[in-house]
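A.B. asks: Below are the structure tokens for one structure; questions will follow.
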Amino acid sequence: MIELAEALAIIEATAVPLPPRRQRLLDASGRLLAADIVSDVDSPPWDRAMMDGFAVRGEDLLARAGSVVELDVVVDLAAGDVTSLAVSTGCCARIMTGAPMPAGADAVVPVECAVEETRATHAGGKVRLLDDRFRPGQHVAKQGAAFRAGQAVLAAGQTLGPGAIGLAAEAGATHVLAAARPRVAILSTGSELVPADAVPGFGQTRNSNGPMIAAAVALLDAEPIPLGVAADRPEAIRAAVAQGLAADILLLSGGVSAGDLDLVPGIFRLCGVEKLFHKVRLKPGKPVWFGLLHRPSASPTLVFGLPGNPASSLVCFELFVRPAIRILAGRPREEWHLPRSRARLETPVRAAEDRPVYLPCRLATTAGRALATPLPWTGSSDLLGLAAANGLIALPAGGRRFDAGDEIDVALLSSIHDESGHAATGRPASARSVSPQKRL
Ligand code: AMP
Ligand code: MG
């Protein structure tokens, strides 16, 4: 059995970013760019009207500053319209936002500055303009003012957020070189498991880990590959494991502790998976297994044996699998692990004697102070508390009692759980001390 920090160090030292892939721009949303994006156009691509009004020659207005100027409207230009007509002295164009400025014109007088009865003037008519605040070049976005063709508008390493996606589209990048999306095979083991749409018979248990882990994988922008359930028979597990080893990560749940049917470590060995650790001093999640399969012509497959108990499985996912997925996806170090915060306890809790404990809690900020309320939790098979949690209280080993008002560490789950929470299951534990269950 190893310490949590040691286990995390092993994962960090083992996982390496997948080679970036060329992908469609929209598919790369939220991922890290692996190469600069260079624009093939100026932005704006031409001098663009930024108001609805009249495209004028500035000199015509400046010459008669402060008085009404009458101009001949020679053409109507809506966005998308182009003209070969030039605006000469004494003339203007009726123009709408987004249209290219006609030759000769260099400023837009907003339609509100036209004398009211001439505001609707179209080509062929005369408009009378009075603009007290007229400045040369007003309401025109000049060609290339934002960026030039040939300029790198997005740099490798940037995240493709919505703004960056829009900019890439404007720059003509329909496909981009961006971080790969890790492919994560998910296998549940256990002869007792039945699918969620079955009513479990006596001795049977619904497979909650399968959908839970798939959701957790998808929320990290990785691709879940559900492999269903393998019964506790060596051939069944081995066949499914062989299939899962083709993915970047194999997440298997159940069968990793020390029971008669905990066949998984032996099967991993037979499949050539090198064990890097088995069992971590942690509650819940002690039985967790981690290893690596080297592949001749691809990146190695990372293999996790998660505990069968659902709450343990999810805690192990958040602590161990999350950083592995983040690293494979090329994310920066500060995004590998759940963020941590100090908070004050709302109700007392007792640490376990022998292992660090992770307890589901609701974290709220009141008057700038973070307050953590432990949620009722009956142990490692109980998902009720975790489903309502937005944090995990992290208590060190040593059996210490933490009182209301004490400062504790919380790992934040809020990015993956509903921030508003739901009172139905989010009810706080009673004031009694919540002590972690014996068999986690
Ligand atoms: P195991 O780690 O295989 O000994 O399983 C520990 C406990 O977790 C047992 O009560 C199993 O029935 C339960 N369990 C294992 N796999 C799942 C699963 N996929 N969904 C729900 N419970 C599970
Ligand atoms: Mg089992």
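A.B. asks: With Gly305, Gly266, Gly255 as the choices, which residue is within 16 Å of ligand 1 (Cβ to nearest atom), farther than 22 Å from Arg183 by Cα and without any contact (Cβ under 8 Å) to a residue 60 or more places away in the chain?
C.D. replies: The conditions single out Gly266.
A.B. asks: If a residue has to be aromatic (Phe, Trp, Tyr) and within 16 Å of ligand 1 (Cβ to nearest atom) to count, how many in the range 143-190 make the cut?
C.D. replies: Adding up the residues that qualify gives 0.
A.B. asks: Of all residues in the range 289-339, count the ones that are surrounded by fewer than 22 Cβ atoms within 10 Å (Cβ to Cβ) and within 16 Å of ligand 2 (Cβ to nearest atom).
C.D. replies: Of the residues in that region, 0 qualify.
A.B. asks: Scan the range 195-212 residue by residue and report those that are within 32 Å of the chain's Cα centre (by Cα) and more than 6 Å from ligand 1 (Cβ to nearest atom).
C.D. replies: Pro195, Ala196, Asp197, Arg206, Pro211, Met212
Residues are listed down the side, and each one gets a yes or a no for (1) aromatic (Phe, Trp, Tyr); (2) modelled with pLDDT under 95:
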position	(1), (2)
Ala222	no, no
Leu227	no, no
Arg233	no, no
Ala236	no, no
Ala242	no, no
Ile249	no, no
Ala258	no, yes
Phe268	yes, no
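A.B. asks: Looking only at the range 157-211, filter to residues that are within 16 Å of ligand 2 (Cβ to nearest atom) and among the charged types (D, E, K, R); which one of those is farthest from Ala324 (Cα to Cα)?
C.D. replies: Looking at the filtered set, the residue picked out is Glu192.
A.B. asks: Another question about this same structure. For the range 18-56, enumerate the residues that are open to solvent by 50 Å² or more (accessible area, probe 1.4 Å) and closer than 23 Å to Glu116 by Cβ.
C.D. replies: Listed by number, the residues that qualify are Met50, Met51, Asp52.
A.B. asks: Which ones in the range 215-261 are more than 16 Å from ligand 2 (Cβ to nearest atom), in a helix (DSSP H, G or I) and buried (at least 18 other Cβ atoms within 10 Å of the Cβ)?
C.D. replies: Once the filter is applied, which keeps residues that are more than 16 Å from ligand 2 (Cβ to nearest atom), in a helix (DSSP H, G or I) and buried (at least 18 other Cβ atoms within 10 Å of the Cβ), the range 215-261 yields Ala216, Val217, Gly244.
A.B. asks: When only residues in the range 57-93 that are open to solvent by 70 Å² or more (accessible area, probe 1.4 Å) and among the hydrophobic types (A, V, I, L, M, F, W, C) count, which is nearest to the chain's Cα centre (by Cα)?
C.D. replies: Val82
A.B. asks: Which residue, of Gly144, Gly157, is more than 21 Å from the chain's Cα centre (by Cα), closer than 28 Å to Ala35 by Cα and at pLDDT 95 or above?
C.D. replies: Going through Gly144, Gly157 in turn, just one is more than 21 Å from the chain's Cα centre (by Cα), closer than 28 Å to Ala35 by Cα and at pLDDT 95 or above: Gly144.
A.B. asks: Residue check, Glu59 against (1) assigned to a helix (DSSP H, G or I); (2) farther than 26 Å from Gly144 by Cα; (3) not assigned by TED's automatic domain parsing to the domain that holds Val153, all met but one. Which one?
C.D. replies: (2)
A.B. asks: Name, by its number, the condition in (1) open to solvent by 10 Å² or more (accessible area, probe 1.4 Å); (2) more than 16 Å from ligand 2 (Cβ to nearest atom) that does not hold for Ser381.
C.D. replies: (2)
The values are calculated or read from the model by the stated rules, or taken from the named source; none is laboratory data. Every value quoted in this text rests on a predicted model; they were computed, and no experiment measured them. Methodologically, a virtual Cβ is constructed for each residue, glycine included, from the backbone with ideal geometry; neighbour enumeration extends over all protein chains shown. The area values use the complete protein model at the heavy-atom level, side chains included, leaving out ligands, DNA and RNA. Shrake-Rupley method; radii C 1.70, N 1.55, O 1.52, S 1.80 Å.
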